[in-house]
Amino acid sequence: MQPIHLENVKKNYQLDKVQVSALKGINLTIEAGEFTVIAGPSGSGKTTILNLIGCVDTASEGKVVVGGKETGGLTEKQLTDLRLHTIGFIFQSFNLIPVLNVFDNVEFPLLLQNKLSPQDRRDRVAKFIDRVGLTQYAHHRPSELSGGQRQRVAIARALVTKPQIVLADEPTANLDSVTGQTIIDLMKEINAAENTTFLFSTHDHSIMNQARRIVRLQDGRIQDKA
Amino acid sequence: MTHFMVLKIAARNVFLHRMRTLVVGSILTFGAFLAVVGHSFVNGVSGGMENSTTQSITGDIQIYSEKAKDKLSVFGNMDGSPVDVGHLDSFENVSNRLMQNTDVAAVVPMGTSFATVNPGNILDHFLETLRKTFKDPQADPKDLESQKRRIRFLVQEIKKNLEGKFEEIGILSAADVEQAKINLEQVSRDTFWQDFNSQFESKIEFLANKIAPLIFDDNMIFFSYVGTDPQLFQQKFPQFEIVKGEMIPAGTRGFLFHDYFYENMVKHRIARRLDQIKKKMKDDKLTIAGSKELQDQIKANVEQSAEIYLQLGPVETETVSTKLMQLLSSQEKDFRVLIKNFLDMNDQSFQTRYEFFYKEIAPYVVLYRVKIGDVLPLSAFTKSGTSTAVNIKVYGTFRFKSFENSPLAGNFSLMDLVSLRELYGFMTEERRAQNKQIEDEMGLNDIGQDAIENLFSSSSGARPEKTSAAKKSENVELSFKKRIMGATYTPDELNKGVFLHAAVFLKDPGRRDAVIKDIMAISKQEGLGIQAVSWQDAAGFIGQMTFMMKAILNIFIGIALLLAGLMIMNSLLMAAMDRKQEIGTMRAIGAHADFIYRLFFYETLFISLLFGGVGVILGSLVVVIIGAVGIPASGDVATFFFSGPRLYLHLNPGLVFTVIAVMVVIAILATQYPAWKAMKISPLQAMQKRE
Ligand SMILES: Nc1ncnc2c1ncn2[C@@H]1O[C@H](COP(=O)(O)OP(=O)(O)O)[C@@H](O)[C@H]1O
Ligand SMILES: [Mg+2]
């Protein structure tokens, strides 16, 4: 079963009186364990695609299947649960909760899931913080960390629930190229080790080229499939 | 599981926005503080007012005629005018019927109204003593002479005082002034006094009629009284106790002053002020040097020093003068100046002079304008507006334990219901005619004070002789009639007669409203003609006052809390807008909408409970600490509201819980709109680029 499957997906935005077609019929299937990049210039629809897959937005037309569930028929509550249990998010601007320290930030989705015992939960959080190399910063607030460190916290947070899919919208856009590279390396490494499905967007060519599969987006349409 | 995290985030946010938290928090603290302290205060006041009202006059419920013109207000109207509540015909009927109700513990018949007594001024008083001494065969001639000297001295003082001041006083017409001057001149001459003993009746009469009125001293005592069955009253108002004198004997007509009134209104003004100063110095630790109030009282005493020197005869003046000169180590010869200097006390001299006053001066002055055992000529206006007078013996004073100093509980003096009926105009024309007839038959057509006094003081003494002298056929009827107007009455006369209203005591005061309904229903069904009201309603404006106080306080608290609530709401709304991305992120990660709601709710709850809690604790501390010491009443108004010289506060756990509950309600209310707004924040907000 493919974790992500889009069929003729269209997305229109109403901007004042003008209708903007952000996606004009997307067909895309991503297999489990793939490390895929969505590439395209600014305004090509990368974010829109990721939002639909991430169940934070709904398609105007077509079928979006995530984790085996067709999202079109789901309620707001069900969509939230789908996000919680199936998807890990890495945001462009890290989006950590400022009043919580690193440990609490990483623990946050586990608390929402409420599936693990407190002990298991703490072990899991510690393991992932260690995985991103921030053990010694576990009790620091996000404001005390560098951009790269913050994004690594975000990666730990996205992965800590062991989601089927990790989505990242331009995760390196706010980082310098060296730091960006280490983040990509970390993602790749986890992808290899955990067989998590990674889907991320970028318009940075040097990063694009490191993906096993590139989906090129232009003006709301997929150009070719690699 | 998530609760802890939500709390953590909420708490951290509270600390992150310290300024806003502090502002909102201090309003909440203030509101909670005000609620606890204010309500404890108002509860203290209203509890004191309730107890001092219900346990001194109203009972739990009052009943009165359903046909009453005015609403029952036992304390009269706000302007002091009495109310017309009609009357009910037979106490026995009403009482018997009410006692069938298992909730009712007792019914006490009453009538409340106003009366005045004019005990006469100091000259009247001296003349009366002199008259008695003349009539007393065992009297010491030396005493007689001393008394005469005293009166002569007093007359001279009056003359001296009025010299050149008649015009100033301006009460008398020019002709009267001339006559008064002539009269004063006449009684100052030796000739007037030379043949005094042989013509004492006419001389005393002259002094009493022509000279005594020249003391322009308003000596009238105006008071409220309750007419009741004194024995029943004593039994059913358990706080009742006799202070001075004795209880009115059963079946006897008589009068009791409330001790508070007696001490404050009947006692010699200078003595009363000294008592008050002493009490204030002891209880409230006031000093004369530091208290304007005490200074004013000292000043008043100095100004009214005449009330002492006018009451002393020449011999006493001499005695006191010598002792005063010693005490004050003064060479001053003028007694008036000496007294003035004596009364001008300070913190150092007060105690010794206070003792000196009671030891050396008080025995010679009229310490109480009405003495226990006196027969009072009470005057009152009847319902119909005519004036009536009743002579009635003062048996003593009473008070209500634990409300000794409550002006509210001390409002009423007490007399028997039979006298009240007469004073209030319920002596029927028929009975009046009967009385007249008895007077004639018994040769009592001149009911002088002495005759009345005999009737009262020896109710079984002189009369049987006169009764036996009457014709046998009239014997029974006559003795019955005499009882009506005499000093005694039968239980039947008391119970079968008219009353104005009655106090109803309940076994469980909590059932008050239910019993009021019951009584109203029974009255309607059986045509009893009564209506029942709560003690608050019966207390009139006094009863409304506690309600008003609570209402005003709650308005203030309400405003403070509403303000706090609005500010909380506003700041939460701003927070929701500021934290769109954070909230969006949480939602994207998988937080449900109710998680966001809780986040906001806990934040408000945290602020409300923390700061509300601080306010409650501060307020409780203040109540416990100040409440135990008591808030001293400054002035008569405060004494009235405090039901005594100090107000003690009690911390009511229910109040604390209520305040905390109100805090939670505010948290809930203030959270609704902002939380709803926050819940609507889309997870898409998380994807927006941050500036
Ligand atoms: N909320 C929106 N309202 C209106 N137009 C939008 C909105 N979001 C995106 N668009 C439009 O949709 C197109 C695709 O945008 P986007 O998915 O953000 O592209 P990318 O992420 O590749 O830069 C653009 O033309 C953009 O202007
Ligand atoms: Mg984009």
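Only one of these is under 21 Å from the mean Cα position of the chain (by Cα), among the hydrophobic types (A, V, I, L, M, F, W, C) and more than 30 Å from residue B:111 (Cβ to Cβ): B:271, B:208, B:300. Name it. Going through B:271, B:208, B:300 in turn, the sole match is B:271.
Among the residues making up region A:27-56, those that are more than 9 Å from ligand 1 (Cβ to nearest atom), in contact with a Leu (Cβ under 7 Å, 6 or more places away or on another chain) and under 19 Å from residue A:74 (Cβ atoms) are A:53, A:54, A:55, A:56.
Residue B:578 passes every criterion in (1) away from ligand 2 (no atom under 16 Å from the Cβ); (2) over 56 Å from the mean Cα position of the chain (by Cα); (3) more than 20 Å from residue B:13 (Cα to Cα) apart from (3). In region B:395-405 there is no residue that is assigned to a helix (DSSP H, G or I) and surrounded by 15 or more Cβ atoms within 10 Å (Cβ to Cβ). Here residue A:121 fits the description: basic (Lys, Arg), more than 20 Å from residue A:175 (Cα to Cα), at the interface with chain B (Cβ under 10 Å from one of its Cβ atoms) and within 23 Å of the chain's Cα centre (by Cα). Considering every residue within region A:65-76, establish whether at least one is modelled with pLDDT of 95 or more, within 13 Å of another protein chain (Cβ to nearest Cβ) and on the phi < 0 side of the Ramachandran plot. The answer is no, given that none of the residues of region A:65-76 is modelled with pLDDT of 95 or more, within 13 Å of another protein chain (Cβ to nearest Cβ) and on the phi < 0 side of the Ramachandran plot. Has region A:208-218 got at least one residue that is more than 21 Å from residue A:148 (Cα to Cα), aliphatic (A, V, I, L, M) and within 16 Å of ligand 2 (Cβ to nearest atom)? Yes: region A:208-218 contains one or more residues that are more than 21 Å from residue A:148 (Cα to Cα), aliphatic (A, V, I, L, M) and within 16 Å of ligand 2 (Cβ to nearest atom).
Counting only helices (runs of 4 or more DSSP H) wholly contained in region B:162-243, the ones carrying 2 or more residues that are closer than 30 Å to residue B:95 by Cα occupy B:230-236. Here the condition is being over 25 Å from residue A:189 (Cβ atoms), touching a residue at least 24 places away in the same chain (Cβ under 8 Å) and buried (at least 23 other Cβ atoms within 10 Å of the Cβ); of A:96, A:100, A:112, it holds for A:112 alone. With respect to the conditions (1) within 13 Å of chain B (Cβ to nearest Cβ); (2) away from ligand 2 (no atom under 16 Å from the Cβ); (3) not β-branched (Val, Ile, Thr), residue A:62 falls short on a single one, namely (1).
Scanning region A:22-32 for residues that are open to solvent by 10 Å² or more (accessible area, probe 1.4 Å) and more than 13 Å from ligand 2 (Cβ to nearest atom) turns up A:24, A:25, A:27, A:29, A:31, A:32.
Restricting attention to region B:4-28, the residues being more than 12 Å from residue B:600 (Cα to Cα), aliphatic (A, V, I, L, M) and surrounded by fewer than 18 Cβ atoms within 10 Å (Cβ to Cβ) number 4.
Output yes when any residue across region A:37-55 is away from ligand 2 (no atom under 16 Å from the Cβ), assigned to a loop (DSSP other than H, G, I, E, B) and surrounded by 15 or more Cβ atoms within 10 Å (Cβ to Cβ), and no when none is. Yes - at least one qualifying residue is present in region A:37-55. Hey, any hits in region A:117-133 for a residue that's farther than 30 Å from residue A:29 by Cα and hydroxyl-bearing (Ser, Thr, Tyr)? The answer is yes, given that some residue of region A:117-133 is farther than 30 Å from residue A:29 by Cα and hydroxyl-bearing (Ser, Thr, Tyr). Looking across region A:146-172, the residues that are under 27 Å from residue A:55 (Cβ atoms), in a loop (DSSP other than H, G, I, E, B) and more than 16 Å from ligand 2 (Cβ to nearest atom) come down to A:160, A:161, A:162, A:163, A:164. Going through B:237, B:134, B:126 one at a time, which residue ends up being of a type in the set (Phe, Trp, Tyr) and closer than 30 Å to residue B:418 by Cβ? Step by step, each of B:237, B:134, B:126 is checked, and only B:237 is of a type in the set (Phe, Trp, Tyr) and closer than 30 Å to residue B:418 by Cβ.
Among the residues making up region A:66-100, those that are within 16 Å of the chain's Cα centre (by Cα) and outside any helix (DSSP H, G or I) are A:66, A:67, A:87, A:88, A:89, A:90, A:91, A:92, A:93, A:94, A:95, A:96. Checking A:59, A:22 one by one, the residue that is part of a strand (DSSP E or B), within 16 Å of ligand 1 (Cβ to nearest atom) and in contact with a strand residue (DSSP E or B) (Cβ under 8 Å, 6 or more places away or on another chain) is A:22 and no other.
If you go through region A:173-192 one residue at a time, do you hit one that is farther than 23 Å from residue A:121 by Cβ and within 14 Å of ligand 2 (Cβ to nearest atom)? Yes. Specify the residue that is nearest to ligand 1 (Cβ to nearest atom); the eligible residues are those in region A:183-207 that are farther than 12 Å from residue A:46 by Cα, in contact (Cβ under 8 Å) with a residue 40 or more places away in the chain and crowded, with 17+ Cβ neighbours inside 10 Å. Looking at the filtered set, the residue picked out is A:207.
The residue pairs whose first member lies in region B:387-399 and is charged (D, E, K, R), whose second member is assigned to a strand (DSSP E or B), and whose beta carbons are closer than 7 Å, counting only pairs six or more residues apart or on different chains, are B:393/B:255; B:393/B:375; B:399/B:241; B:399/B:243; B:399/B:258.
Residues are listed down the side, and each one gets a yes or a no for (1) open to solvent by less than 40 Å² (accessible area, probe 1.4 Å); (2) in a helix (DSSP H, G or I):
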position	(1), (2)
B:577	no, yes
B:582	yes, yes
B:585	yes, yes
B:591	yes, no
B:594	no, yes
B:597	no, yes
B:609	no, yes
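Whenever a residue of region B:253-272 is under 24 Å from residue B:308 (Cα atoms) and of a type outside the set (A, V, I, L, M), its partners that are assigned to a strand (DSSP E or B) and open to solvent by 10 Å² or more (accessible area, probe 1.4 Å), lying with C-beta atoms within less than 6 angstrom and at least six residues away or across chains, give the pairs B:259/B:243; B:259/B:399; B:267/B:368. Checking each residue in region B:280-320 for being in a loop (DSSP other than H, G, I, E, B) and free of Cβ contacts under 8 Å to residues at least 40 places away in the same chain picks out B:285, B:286, B:290, B:291, B:304, B:305.
The values are calculated or read from the model by the stated rules, or taken from the named source; none is laboratory data. Note that the structure is a prediction, hence the values are computed from the model and not measured. Ideal geometry is used to build each Cβ from the backbone, glycine not excepted, and the neighbour counts take in all protein chains shown. Please note that ligands, DNA and RNA were not included when accessible areas were found on the heavy atoms of the full protein model with its side chains. Shrake-Rupley method; radii C 1.70, N 1.55, O 1.52, S 1.80 Å.
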